[in-house]
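The values are calculated or read from the model by the stated rules, or taken from the named source; none is laboratory data. Source: prediction; values computed, not measured. With ideal geometry, Cβ positions are generated from the backbone for all residues, glycine too; neighbour counts draw on all protein chains shown.
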Amino acid sequence: MGGLGKTTIAQKVFNEKEIDDHFNRRMWVSVSQTFTEEQIMRSMLRNLGDASVGDDANELLKQINQYLLGKRYLIVMDDVWGEDVAWWGRISQGLPKGNGSCVIITTRNERVSRKMGVKETRIHRPKFLNKDYSWLLFQKIAFAASEGQCIYPDLEDVGKEIVDKCEGLPLAIKAVGGMMLCKASYYHEWRRIADHFRDELAENDDSVMASLQLSYDELPPYLKSCFLSFSLYPEDCVITKQQVVHWWIGEGFVPLRSGRSSTDAGEDCFSGLINRCLIEVVDKTYNGTILTCKMHDMVRELVIKIAKDDAFSVTNKTNCRHSGITNNMDRKQLTANPKLRGLVSTTKSGEVNKIESSTAKKLSEFRYLRVLDVSKSIFELPISSLLFHIGSLHHLTYLSLSNTHPLIELPASLEKLTNLQILDLSYCQNLRTLPHNLITLSKLKVLDVSNCGSLECLPKGLGRLSNLEVLLGFRPARSSHGCRIGELRNLTRLRILGLHLTHADEVEENEVNAMANLRDLENLSIICFDSHGSDLTSKLDKLYPPQQLYELSLKFYPGKMSPAWLNPIALRLLKYLSISSGNLANVNQNFWGYNNIVWKIQGLMLESLSDLELEWPMLQEAMQSLRIVNVSWCPELVSFPIDDVGFRGGVWIKG
């Protein structure tokens, strides 16, 4: 039965530190209902750190064997459906034996596990939760604001009535619990939900599907559109938060209020679906920021059904408004939908789309498109020629060419995209220049040129883009021919800024205050990878961030001593600090505060700082609000209450 928590149990085991220490290699493979043997093996190799995109399929099993030879390994084959398991017999036969290795299989069908060689004594059958545990789980979610305790006596009976209808299934309990978290704590509102749930069960005796349908019905209209966007992604696909949030902004799904940034509003929509347990967190940063998510297969069943009924997205049909870009995309199906509003790359992690030229040229013909995301795609010809007529897409608000190849320059007609709000060019390693007419895109809110190794600078006049809220990968020009760092003064709406500095002459003396008055700036990342000359350190020492900064990341900092402005007086609102790689060995004296002024930092990450020396008692005294510390590859931090700080390290969480 689905929704009992089989995958959750397997994940708990897989992520245990003792398990990580015990096995040399660990692989998590999502099998799903539709798969090929080659996909399974490529997924195993990706788990082992080998992309193997172009390798011969016949050699994959040999490569896996070489990686695992002499190693103790753990493999989880999650969500195996079909009883034809001949594929597993062939893969299993090619794996090294002995060394105490282990394979875990999750499946709804016991016959599958037996056919895959699992003995009766090794089968674990998760049980339904009893009433007490069901109520505890529900309280943890529905009353998260009161630390998982029902503090409203008049809601307890009706709450337990709702929980009883879930029949002990964790997925159903989480879905209704997440829904009730977002409802007012009034008896009549909860009574209405209980009656609605009863009606759903009368039509569908599957408590999981009834609870999910109820949760969807109770979503506000704008979140329904956001939820339906997940219907495009394949089963078990790990989805980046950034992609879906940008999509929602581009399509106008996100409700905008005066004074509220669209990126903030998009994040709120994402949180709304997470809080309702309709999507699951996969990866997040040390400070809890979510990076990727996925959808339970039963939730996905529901979203596909509703999307089909609403013509939001329909597989192998015409007259739908949204379509995914994949390797097996049918060009005829694409051209049969001339009123497409959204085309989004939905390829799985570690895979790439290979798009034929004839298909690529068609992309500029969908004149109603608001969203075009061709990320993680390889084209036969230069993209600038294939998308030569992209300027005809007058409604386009979101364009992503992230991680595409070959992209050396942007199409000249880009300047005609006057409604463009989001432009993502990240990970385009061959991109050399950006056109000067980029500065005419006055509605642009997000510009991402991070990890574009060949890009030297941005065009002069970028400061005219006064609506920019997010600017990532900003490389200041070393001369007046490109955008100098001083132009940041004009970008007063910036919330997130990623700076890449390598030379001292990228910052003149009259530009060191370029960020000081960016009053909306919350998140700043400074990367000094491949920096040159000691003069850069002295310039960085004067490059003061704004006082209200919330999160700061320093990567590859070239100085031995921390910058003078890294102190609790200059950054009095800072909550999260990350320092990784570079030469940092000691912190400036004012780092420790002055006259009882201490840091408000709650989260700290220190990574790959081989020379850094800090004493844990002093740090605790200066950072009294610390709740979480993540340390790895910092051999001198031996006083920290974290094992193995010089190697993989770990996490300290305040008790």
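Scanning region 297-323 for residues that are crowded, with 16+ Cβ neighbours inside 10 Å and touching a Cys at 6+ places or on another chain (Cβ under 6 Å), which turns out nearest to Leu552 (Cα to Cα)? My answer is Ser313. Is there a residue in region 455-466 that is crowded, with 23+ Cβ neighbours inside 10 Å and in contact with a Cys (Cβ under 9 Å, 6 or more places away or on another chain)? Yes, because at least one residue in region 455-466 is crowded, with 23+ Cβ neighbours inside 10 Å and in contact with a Cys (Cβ under 9 Å, 6 or more places away or on another chain).
Out of curiosity, is Lys131 farther than 21 Å from Ile274 by Cα and either without any contact (Cβ under 8 Å) to a residue 40 or more places away in the chain or polar (S, T, N, Q) (or both)? The answer is yes for Lys131. Residues in region 264-296 that are in a helix (DSSP H, G or I) and either of a type in the set (A, V, I, L, M, F, W, C) or buried (at least 21 other Cβ atoms within 10 Å of the Cβ) (or both): Ala265, Gly266, Cys269, Phe270, Leu273, Ile274.
Screening region 422-540 for strands (runs of 3 or more DSSP E) wholly inside it with 3 or more residues that are closer than 25 Å to Asp373 by Cα returns the ranges 422-424, 446-448, 470-474, 496-500.
Rundown of residues vs (1) surrounded by fewer than 22 Cβ atoms within 10 Å (Cβ to Cβ); (2) not acidic (Asp, Glu), yes/no style:
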position	(1), (2)
Lys131	yes, yes
Lys140	yes, yes
Phe143	yes, yes
Ser146	yes, yes
Pro153	yes, yes
Glu156	yes, no
Val163	no, yes
Met179	no, yes
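Scan region 421-432 and give yes if some residue there is among the small types (Gly, Ala, Ser), without any contact (Cβ under 8 Å) to a residue 40 or more places away in the chain and within 27 Å of Leu543 (Cα to Cα), otherwise no. No.
For Asn319, the stated conditions do not hold, so it cannot be described as under 28 Å from Leu48 (Cα atoms) and either outside any strand (DSSP E or B) or among the polar types (S, T, N, Q) (or both). Applying the condition of being in a loop (DSSP other than H, G, I, E, B), among the polar types (S, T, N, Q) and touching a strand residue (DSSP E or B) at 6+ places or on another chain (Cβ under 7 Å) to region 328-348 and asking which residue is modelled with the highest pLDDT yields Thr346.
Strands (runs of 3 or more DSSP E) fully within region 349-401 that include at least 3 residues being touching a residue at least 40 places away in the same chain (Cβ under 8 Å) and surrounded by fewer than 23 Cβ atoms within 10 Å (Cβ to Cβ): none found.
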